[in-house]
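Inspection log for the structure reproduced underneath, given as C-alpha cells.
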Amino acid sequence: MKIGFIGLGHMGSAMAKNLVIAGHDVTAFNRTPGRSRVLLQLGAHEAADIAGACQGEVVITMLADDVAVADTVWGKDGVLESLPQGAIHISMSTISVALSKRLTQAHRQAGQRYVAATVMGRPDMAAAANLFILAAGDSATVAICGPVFDSLGQKTSNVGPEPSAANLIKLTGNFLQAAVIEALGEAVALIGKAGIDRRAYIEVLTSTVFTAPAYKIFGPLIAEGKFEPAAFAAPLGYKDIRLALAAAESLQVPMPLANLLHDRFVRLFAQGGERLDWAAIGALAGQDAGDRQHSVAPV
C-alpha cells in the first residue's frame, strides 16, 4: 500500500521501518528533522511537509498527544486539508476520547475515512513488529487496513464501529498498567524494608502466579531502581492518566485509584523525574518508607 507516516519518535520510527520492510511504499514526515535516515536507507521517501505525506491511500499519525495530533490534522496544509477523499487516516496515537470523536466527525464531513488503531507494547515490541493493535471504525475500512496492521503487530482486535472506543480501551489499559506499577512499588518497598532481596522477590512473583508481561517488565525495573533510559517517559504516562480521568468525569465514573496515580506522577515531577520511565512512580513507596538508597530523582 502507499502509506504516509507522520511521527518518528521511539515507537513511530520502529513502526515505519517495519512497514517499509513489509514492502509498503512509505513516505515519512517528522516535525523534528533528521529522524528518517534509516528509513531512507531502506527505501522509504521523505516528505517535506505534512501534505507530502498525505498523497497515498493511507496516512498514519503516531504522535505524542492531543495538541500534536490536532495541529497535524487541522493546521495549514494539514491532514484534513491534504488527504484525498476516500483515503484513510489511521490514528495510532494515544489521545483523548473527545479528540477521537472530533476526528471522526471531521473526516466524515471531508469525505475521508478514519480509523483509530491504538497500540499496546513498548518500543522493543514495536521494533519486533510484535505490538497488539486495537482497531475501531467502519468494519470495511478496518479490513482494508489489515495489511498495515499485519506489518506492525502480532494481533489486531477489532473493538467496534466507534473509533473512540479504541482510545478509551487504550487509556484504561495504561491506567491498569500504572496501577500495577504502584502496587509493585508498595510490595517491593515492604519487602526491601524487611531485608528481603528485591530481585529474588520479583523472580518468585513472576515465575509463579504473577506471570503477566506487566509484572515481568516493571517488577525488575522497580527492584533495581533502573528508570533510565525511559522506554515510556513519565510525562506520557501522566498524560494518559489525565485523559482517563477526563473520560471518567464525562461518563460520571469515579476512579479513586486513577486520582492516586495522578498525584504520584505530580510528586515524581516535583522531584525532577520528568526524564524517567513511568515505572519510576513505583519507587515512591520506598521513599515513603524511608529508603533513600532507591531515590528516583534528585530532590
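The values are calculated or read from the model by the stated rules, or taken from the named source; none is laboratory data. Worth saying up front: this structure is predicted, and the values here are computed from it rather than measured. Every residue, glycine among them, receives a Cβ derived from its backbone with ideal geometry; neighbour counts consider all protein chains shown.
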Return the residues of segment 65-116 that are in contact with a Leu (Cβ under 7 Å, 6 or more places away or on another chain) and either surrounded by fewer than 18 Cβ atoms within 10 Å (Cβ to Cβ) or in a strand (DSSP E or B) (or both); say none if nothing qualifies. 70, 74, 89, 91, 106, 110, 114
Go through segment 150-207 and count every residue that is among the β-branched types (Val, Ile, Thr) and crowded, with 23+ Cβ neighbours inside 10 Å. 3
Touching a strand residue (DSSP E or B) at 6+ places or on another chain (Cβ under 7 Å), surrounded by fewer than 24 Cβ atoms within 10 Å (Cβ to Cβ) and among the charged types (D, E, K, R): is that true of residue 25 in this structure? yes
For segment 202-218, pairs from a residue that is modelled with pLDDT of 95 or more to a residue that is in a helix (DSSP H, G or I) and of a type in the set (S, T, N, Q), with Cβ under 7 Å and 6 or more apart or across chains, are 214/177; 215/206; 216/206
Got at least one residue in segment 84-100 being under 15 Å from the mean Cα position of the chain (by Cα) and either of a type in the set (Asp, Glu) or not assigned by TED's automatic domain parsing to the domain that holds residue 124 (or both)? no
For segment 189-196, indicate whether the set of residues that are over 19 Å from the mean Cα position of the chain (by Cα), free of Cβ contacts under 8 Å to residues at least 24 places away in the same chain and in a helix (DSSP H, G or I) is non-empty. yes
With respect to the numbered conditions (1) in a helix (DSSP H, G or I); (2) touching a residue at least 60 places away in the same chain (Cβ under 8 Å), which one is the sole condition not fulfilled by residue 39? (2)
Residue hits (segment 174-232; of a type in the set (Lys, Arg) and either touching a His at 6+ places or on another chain (Cβ under 6 Å) or over 22 Å from residue 124 (Cβ atoms) (or both)) are 193, 198
Name the single residue, out of those in segment 1-30 being in a loop (DSSP other than H, G, I, E, B) and out of contact with any Leu (no Cβ under 9 Å at 6 or more places or on another chain), that is farthest from residue 75 (Cα to Cα). 23
